[in-house]
Amino acid sequence: MKLRHLTTSIMAIGLFFMIACKGKPKDSEIMQAASTAVQSIPGVTADVKEGVVTLSGTVSTEDEKTSAENAVKSVKDVKSVVNNITVTPPPAPAPVAVSADDSLKTAVADVVKDFPGIKVDVKDGVLTVTGEAKADRWKTLKMALDALHPKKVDAKGLKVK
Amino acid sequence: MALQDKYKNLLDTAKASGVSDLQVAELDGVLHINGTAPSGDVKDKLWDIYGQIDPNFLTGDVVMDIDVATAVAGAKVKVITESTNLNIRKGPGTDQPIVGKAAHNEIVTLISKMNEQWWLIRTDGGAEGYSYAQYLQPV
């Protein structure tokens, strides 16, 4: 009789703990949801401890930092968010590489020889196009000239037929 | 920034079409656009849009150089001369002797690229040498 009572008590205690554990959100579950929430923002990672999410990583804009925080805040069972994301603006775009006149002159001569009626002058990286051409031929020439990386292709003096 | 607004449609399309290594920079009132398109069609589309924004490309405020990713060694390229044969030369330069010719619309093999302008090609007939890349289009 005594033994039976004890067994019942143990089972009751065990059951109580199981319910108690289930009721408390697990960090691992929050972690998964939080990681999914910040998935769209590359470079951001989330860590969870007792319901507190810590965000870390590097993004290029303040907006991304804020949106990562907001995304995680809306995750179920998150108590608070520590936003340790650093904002590093992307490096300035590479300066435009303009070909030197000498190499431009040689390359332009090769291109233009197949376009009778068109003359292209090279000066300080600027290609000045004069003469006249049909629209589709001029397009072909313009594509070829742009590929030489000039500073500018000035075709104001060109008559397009 | 005004230039980027003017050509917004072009830049947006470039991004949406999967142009890689896209570089957009402004220098002295000219917008320089560089990148590699995933196909020749995308390159054509970008040039069409450019032509719509700036009819006949006369304003001169854009320099656009779009490579095509499929134009790699071993790929087939088509001869797109206006109507004539394409000269195949011994070396990269119009001063080099002609070693063969490829017919208009002929499909040839791209062996390697000497530079943006001169590509080493081989015809099915066996002629091998350098031709001007402007007349070769990836197929």
On the basis of being part of a loop (DSSP other than H, G, I, E, B), over 30 Å from A:P42 (Cβ atoms) and facing chain B (nearest Cβ under 7 Å), does A:P116 make the cut? no
In segment B:93-139, which residues are assigned to a loop (DSSP other than H, G, I, E, B) and crowded, with 19+ Cβ neighbours inside 10 Å? B:Q117, B:T123
Within segment B:78-92, considering residues that are outside any strand (DSSP E or B) and within 14 Å of chain A (Cβ to nearest Cβ), the one surrounded by the fewest Cβ atoms within 10 Å (Cβ to Cβ): B:S83
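The rows are residues; the columns are (1) surrounded by fewer than 18 Cβ atoms within 10 Å (Cβ to Cβ); (2) in contact with a His (Cβ under 9 Å, 6 or more places away or on another chain); (3) without any contact (Cβ under 8 Å) to a residue 24 or more places away in the chain; (4) not small (G, A, S).
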| position | (1), (2), (3), (4) |
| --- | --- |
| A:D102 | yes, no, yes, yes |
| A:K119 | yes, no, yes, yes |
| A:G131 | yes, no, no, no |
| A:K161 | yes, no, no, yes |
Subset of segment B:44-92 that is touching a residue at least 60 places away in the same chain (Cβ under 8 Å) and of a type in the set (G, A, S) - its residue that is nearest to A:A109 (Cα to Cα): B:A71
Inside segment B:1-35, can you point out the residues that are within 23 Å of A:G125 (Cα to Cα), part of a loop (DSSP other than H, G, I, E, B) and of a type in the set (A, V, I, L, M)? B:M1
Against the definition (assigned to a helix (DSSP H, G or I) and either facing chain B (nearest Cβ under 9 Å) or modelled with pLDDT under 85 (or both)), how does A:V111 come out, yes or no? yes
Looking only at segment A:109-130, decide whether some residue is small (G, A, S) and within 30 Å of B:S83 (Cβ to Cβ). yes
Has segment B:8-15 got any residue that is within 14 Å of chain A (Cβ to nearest Cβ) and either loosely packed, with under 15 Cβ neighbours inside 10 Å or at pLDDT below 90 (or both)? no
Cβ-Cβ below 8 Å, separation at least six or inter-chain, first residue in segment A:133-149 and more than 8 Å from every other protein chain (Cβ to nearest Cβ), second among the small types (G, A, S): which pairs? A:A133/A:G117; A:L141/A:A133
A:D154 - would you say it is facing chain B (nearest Cβ under 7 Å) and touching an Asp or Glu at 6+ places or on another chain (Cβ under 7 Å)? no
Could you check, for segment A:141-152, whether at least one of its residues is assigned to a strand (DSSP E or B), outside the structural domain of A:A33 (by TED's automatic domain parsing) and farther than 30 Å from A:K26 by Cα? yes
For segment A:121-160, enumerate the residues that are closer than 26 Å to B:Q23 by Cα and of a type in the set (V, I, T). A:V122, A:V126, A:T128, A:V129, A:T140, A:V153
Within segment A:33-60, how many residues are in a loop (DSSP other than H, G, I, E, B) and surrounded by fewer than 13 Cβ atoms within 10 Å (Cβ to Cβ)? 4
It is to be established whether one or more residues within segment A:90-99 are within 14 Å of chain B (Cβ to nearest Cβ), surrounded by 13 or more Cβ atoms within 10 Å (Cβ to Cβ) and not hydrophobic (A, V, I, L, M, F, W, C). yes
Can you name every residue in segment B:16-33 that is within 14 Å of chain A (Cβ to nearest Cβ) and farther than 18 Å from A:V153 by Cα? B:D21, B:L22, B:Q23
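The values are calculated or read from the model by the stated rules, or taken from the named source; none is laboratory data. Not measured: the values here are computed from a predicted model. Note that we place each Cβ from the backbone using ideal geometry, even for glycine, and neighbour counts take in every protein chain shown.
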